Amino acid sequence: MTYLYLKSLHIIFVVTWFAGLFYMVRLFIYTTEAHHQEEPKRSILLEQLLLMQKRLWYIIAWPSAIITLIAGTWLAIESGFWTMPWFHLKVLFVIGLFLYHILCQKLYTQMTKGLFKYSSVQLRIWNEVATLFLFAIVFIVVLKSTLSWIWGVIGLVLIGILLMLGIKIYKKIRND
């Protein structure tokens, strides 16, 4: 019974963590675009967007990441997943996801200091990195040992290409 509760908590907080990551980078995009507005619009937007970032980051994203890690670790111990090869691959992607989260923290900190180092297009591309992690982790967990390395890599590359095409098409439509 503990396993099912842990699994439920893990899934819930994975979902809220990804929601936080996806929305946070969208807020980065909007904040970057607001930074290029004329006054007083710039100040009003930046104040509101930075407040939204702070609340999202510290009330949803970070707590969800930590609870996901705790529940996931406990679940892995409880279930014996530590011994399975697919799980080791999943852990590598989760480590990558935490690195992505930490880099988002760095972007957040820069923006709170008024530093805008990336364009909104670069941030749109950055936003899709979380999507690649999501696809990879879900497919690894669901397919486990049946996932062929070759097909997995091909699938991630194709998803990456589709995401980049979507960004280019969106940019073209937006500029027209």
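The values are calculated or read from the model by the stated rules, or taken from the named source; none is laboratory data. Everything numeric in this text was worked out from a predicted model, so none of it was measured. Cβ atoms come from the backbone with ideal geometry, glycine included; neighbour counts cover every protein chain shown.
Of everything in the stretch 92-109, what is surrounded by fewer than 17 Cβ atoms within 10 Å (Cβ to Cβ) and of a type in the set (V, I, T)? Give them in sequence order.
I95, I102, T109
With (1) in contact (Cβ under 8 Å) with a residue 12 or more places away in the chain; (2) outside any helix (DSSP H, G or I) as the list, and E38 as the residue in question, which single condition is left unmet?
(1)
So is L115 assigned to a helix (DSSP H, G or I) and among the aliphatic types (A, V, I, L, M) or not?
When the stated conditions are applied, L115 does not pass them.
Within the stretch 40-91, which residues are within 24 Å of A130 (Cβ to Cβ) and of a type in the set (V, I, T)?
Residues satisfying the conditions are I59, I60, I66, I67, T68, I70, T73, V91.
Within the stretch 68-102, count every residue that is touching a helix residue (DSSP H, G or I) at 6+ places or on another chain (Cβ under 9 Å) and either among the acidic types (D, E) or at positive phi (or both).
Count: 1.
Picking from Q110, Q122, which residue would you name as being without any contact (Cβ under 8 Å) to a residue 24 or more places away in the chain and under 25 Å from G166 (Cα atoms)?
Step by step, each of Q110, Q122 is checked, and only Q122 is without any contact (Cβ under 8 Å) to a residue 24 or more places away in the chain and under 25 Å from G166 (Cα atoms).
Need the failing condition index for G114 against (1) modelled with pLDDT of 90 or more; (2) closer than 25 Å to A65 by Cβ, just the number.
(2)
Name, by its number, the condition in (1) more than 23 Å from M24 (Cα to Cα); (2) touching a Leu at 6+ places or on another chain (Cβ under 8 Å); (3) charged (D, E, K, R) that does not hold for E128.
Condition (1) is where E128 drops out.
Does H10 satisfy the condition of being under 14 Å from the mean Cα position of the chain (by Cα), part of a helix (DSSP H, G or I) and modelled with pLDDT of 95 or more?
No; evaluated as a whole, the condition is false for this residue.
Going through the stretch 71-121 one residue at a time, which ones are within 20 Å of W17 (Cα to Cα) and either in contact with a His (Cβ under 9 Å, 6 or more places away or on another chain) or among the hydroxyl-bearing types (S, T, Y) (or both)?
Result: A71, G72, T73, W74, L75, Y100, Y108, T109.
Is it fair to say L165 is loosely packed, with under 15 Cβ neighbours inside 10 Å and not in a helix (DSSP H, G or I)?
Considered against the rule, which asks whether it is loosely packed, with under 15 Cβ neighbours inside 10 Å and not in a helix (DSSP H, G or I), L165 comes out as no.
Restricting attention to the stretch 39-78, which residues are of a type in the set (G, A, S), exposed (fewer than 15 other Cβ atoms within 10 Å of the Cβ) and at pLDDT below 95? Before you say what the answer is, go through the steps one by one.
From the stretch 39-78, those of a type in the set (G, A, S) are 43, 61, 64-65, 71-72, 76; that's our starting set.
Among the residues that remain, those that are also exposed (fewer than 15 other Cβ atoms within 10 Å of the Cβ) are: 43.
None - no residue of the stretch 39-78 is of a type in the set (G, A, S), exposed (fewer than 15 other Cβ atoms within 10 Å of the Cβ) and at pLDDT below 95, so the list stays empty.
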